[in-house]
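Shown next, in structure tokens, is the structure this report addresses.
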Amino acid sequence: MSFQDVFGTAPDGSWRAPGRVNLIGEHTDYNDGLVLPIALPNRILVTAARRDDGRIAVASSGHPGVVEFAIDELAPGSVGDWAAYPAGAAWILRESGYPIGGANLLVDSDLPSGAGLSSSAALLCATSVALLGLRDIEVDPAEVARLAQKAENQYVGAPVGLMDQMASMCCTAGHALFFDIRAMATDQIPFDPPADDLALLVVDVKAPHRHVDGEYAARRQSCEQAAAELGVPALRSIAFEDLDDALARLTDDVVRRRVRHVVTEIRRVEDAVTLMRAGKLREVGPLFTASHASLRDDFEITVPELDVAVDTALAAGALGARMTGGGFGGCIIALVEAAAAEPVLAAIEKAFAEHGFSAPAALNAPPSAGASRVS
């Protein structure tokens, strides 16, 4: 599908925004914690042309038809289904006072659907930078990320955090983005596995997400309950050295385990950043593995496909492996010697066949750049 085929005119340009994986720091974001994502080479691409009637028409290579709406008439809920995301981007830019205008937009993607790689955030960010770029409006990437989050919260109605949008907008090639959510501060941490003869495998386990919304809400409620009982604004306020004392003050075992995951995961992010800054990437692997064990046993968000993939990768020689994303499906990451990448993937494929699971799919995952204009 080409822009010319859909709209009958030539585009003015194309803008991209990538998906992401989080190296470590899972489920600390709504506890004012620390996260460490990288941007993927896989992306949402929005090809766009200006129009002067105040209307936006959006088409997608993955969905039939064209959805059209007036910018001035946008309100939360006025556009649904997948087109709610580009509509939400236009709505929040309008609400924030940016003088965007009408546009024809064609959306294309090589992000796998349902893999937990933040395709929704990438779509919001790609649409935002396209609408701004068409009018030569310069906006700080972190501000675009915050606007994209507001659009997903207020227009789409999804209570997401800010990590995905920040990764999509602010990552740089060869680096992980160290994002301190409490301080709203970022730092670029060198992370270039190929330069050290390493590879980061991203393996989509193709597991159907099971009861995700209710499970996420329950874990967030447990974290909020624990913070209230401990008299802190968020679990980030509990120092690692004070964890045992905090756990002893909690009476519910489930809540206690949720707290243990969040506090130890924040420490693992700090340790990973220290090792990466020192160029000791191989030593980050055991932190991945410890993170997965915590997510499996304390936060309880893994599924058999994720656990089998991680265990098999480790048995096949991976330096470390963990689930990444929200859980209950999605992907694992595995840090491996470059020469071991194919054998590790082959072992996972064999294990999945033996367990009767759907065949997994692997992605190449060199840390890549954030959103940009590509033509």
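The values are calculated or read from the model by the stated rules, or taken from the named source; none is laboratory data. Predicted model, so just to flag it, every value in this text is computed and none were measured. All Cβ positions, even for glycine, are placed from backbone atoms using ideal geometry, and neighbour counts span all protein chains on display.
Here are a few things to note about the model shown:
- Some residue of the range 80-88 being in the same structural domain as L123 (by TED's automatic domain parsing), assigned to a helix (DSSP H, G or I) and over 23 Å from the mean Cα position of the chain (by Cα): no
- Qualifying residue in the range 240-254 (condition: among the hydrophobic types (A, V, I, L, M, F, W, C), closer than 30 Å to L111 by Cα and at pLDDT 95 or above): no
- Going through (1) more than 22 Å from V129 (Cα to Cα); (2) more than 11 Å from the chain's Cα centre (by Cα); (3) at pLDDT 95 or above one by one, N22 falls short only on (2).
- Residue match in the range 188-195 (condition: farther than 30 Å from A339 by Cβ and either of a type outside the set (G, A, S) or not assigned by TED's automatic domain parsing to the domain that holds G279 (or both)): no
- Filter result for the condition that a residue is within 23 Å of S120 (Cα to Cα) and among the small types (G, A, S), over A195, A199, A207: A207
- Residue within the range 114-135 that is in a loop (DSSP other than H, G, I, E, B), of a type in the set (A, V, I, L, M) and surrounded by fewer than 22 Cβ atoms within 10 Å (Cβ to Cβ) present: no
- Residue check for V203: free of Cβ contacts under 8 Å to residues at least 40 places away in the same chain, surrounded by 12 or more Cβ atoms within 10 Å (Cβ to Cβ) and among the aliphatic types (A, V, I, L, M): no
- Once the range 1-28 is narrowed to residues that are of a type in the set (V, I, T) and touching a helix residue (DSSP H, G or I) at 6+ places or on another chain (Cβ under 9 Å), the residue that is nearest to H63 (Cα to Cα) is T9.
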